[in-house]
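Chemist: Okay, handing you the structure first.
The values are calculated or read from the model by the stated rules, or taken from the named source; none is laboratory data. The shown structure was predicted, so the numbers you read here are calculated from the model rather than taken from an experiment. Note that each Cβ is placed from the backbone with ideal geometry, even for glycine, and that neighbours are counted across all protein chains shown. These area figures cover heavy atoms from the full protein model, side chains too; ligands, DNA and RNA do not enter into them. Shrake-Rupley method; radii C 1.70, N 1.55, O 1.52, S 1.80 Å.
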Amino acid sequence: MILPTEENIKTITDLRENIIKILESLKMDSGPKFIFYKSRPRAVLLSLSEYKKLLELIEDYQDALDASEAISDSKAKKEKVYSFKEVAKIVGY
């Protein structure tokens, strides 16, 4: 878990005054920038590449959940479940 620190906390005023510099720092630094307004966290800025990685992780996690659910459903219905190797052998891969 990434915690807010002096280096990665920015205020609304910082954004207004230094948006280009802050956006450039997203490319250079790894990790998010936490945006605070009136001393309270309000948003998180990520570089585009970090955002894409996060989306891929979520998609992979959802795929794993879907696969696990499909296997559980098949076992509950007493259907035969084939491994990838078994399917590859059947189709001649």
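Chemist: Could you please tell me which pairs satisfy a Cβ distance under 6 Å, a separation of 6+ or placement on different chains, a first residue in the stretch 45-67 that is among the polar types (S, T, N, Q), and a second residue that is open to solvent by less than 100 Å² (accessible area, probe 1.4 Å)?
Modeler: So the pair list comes out as Ser47/Leu26.
Chemist: Restricting attention to the stretch 19-46, which residues are aliphatic (A, V, I, L, M) and not in a strand (DSSP E or B)? Can you show your working first?
Modeler: Our first condition is that a residue be aliphatic (A, V, I, L, M); within the stretch 19-46, this holds for 19-20, 22-23, 26, 28, 35, 43-46.
Correct list: Ile19, Ile20, Ile22, Leu23, Leu26, Met28, Leu46.
Chemist: OK, next. Against the condition surrounded by 13 or more Cβ atoms within 10 Å (Cβ to Cβ), assigned to a helix (DSSP H, G or I) and of a type outside the set (A, V, I, L, M, F, W, C), how does Ser49 come out, does it pass?
Modeler: Details: surrounded by 13 or more Cβ atoms within 10 Å (Cβ to Cβ): no; assigned to a helix (DSSP H, G or I): yes; of a type outside the set (A, V, I, L, M, F, W, C): yes.
So Ser49 does not fit the description; no.
Chemist: Determine whether Ile90 is open to solvent by 100 Å² or more (accessible area, probe 1.4 Å), over 24 Å from the mean Cα position of the chain (by Cα), within 29 Å of Ile2 (Cβ to Cβ) and without any contact (Cβ under 8 Å) to a residue 24 or more places away in the chain.
Modeler: Values: open to solvent by 100 Å² or more (accessible area, probe 1.4 Å): yes; over 24 Å from the mean Cα position of the chain (by Cα): yes; within 29 Å of Ile2 (Cβ to Cβ): no; without any contact (Cβ under 8 Å) to a residue 24 or more places away in the chain: yes.
It is false that Ile90 is open to solvent by 100 Å² or more (accessible area, probe 1.4 Å), over 24 Å from the mean Cα position of the chain (by Cα), within 29 Å of Ile2 (Cβ to Cβ) and without any contact (Cβ under 8 Å) to a residue 24 or more places away in the chain.
Chemist: Looking at the stretch 52-87, which of its residues are within 30 Å of Arg16 (Cα to Cα) and either of a type in the set (D, E, K, R) or loosely packed, with under 11 Cβ neighbours inside 10 Å (or both)? Step through it out loud before you land on a result.
Modeler: We begin by selecting, within the stretch 52-87, every residue within 30 Å of Arg16 (Cα to Cα); these are 52-55.
Result: Lys52, Lys53, Leu55.
Chemist: A further question follows. Kindly check whether there is at least one residue in the stretch 1-9 that is aliphatic (A, V, I, L, M), touching a strand residue (DSSP E or B) at 6+ places or on another chain (Cβ under 6 Å) and part of a helix (DSSP H, G or I).
Modeler: Residues of the stretch 1-9 aliphatic (A, V, I, L, M): 1-3, 9.
Subsequent filtering for residues that are touching a strand residue (DSSP E or B) at 6+ places or on another chain (Cβ under 6 Å) retains 9.
Applying the additional criterion that residues be part of a helix (DSSP H, G or I) yields none.
Looking for residues that are aliphatic (A, V, I, L, M), touching a strand residue (DSSP E or B) at 6+ places or on another chain (Cβ under 6 Å) and part of a helix (DSSP H, G or I), one finds none in the stretch 1-9, hence no.
Chemist: Does the stretch 24-46 hold any residues that are out of contact with any Pro (no Cβ under 6 Å at 6 or more places or on another chain), open to solvent by 80 Å² or more (accessible area, probe 1.4 Å) and not charged (D, E, K, R), and which are they?
Modeler: Met28, Ser30, Tyr37, Ser39, Pro41, listed by residue number.
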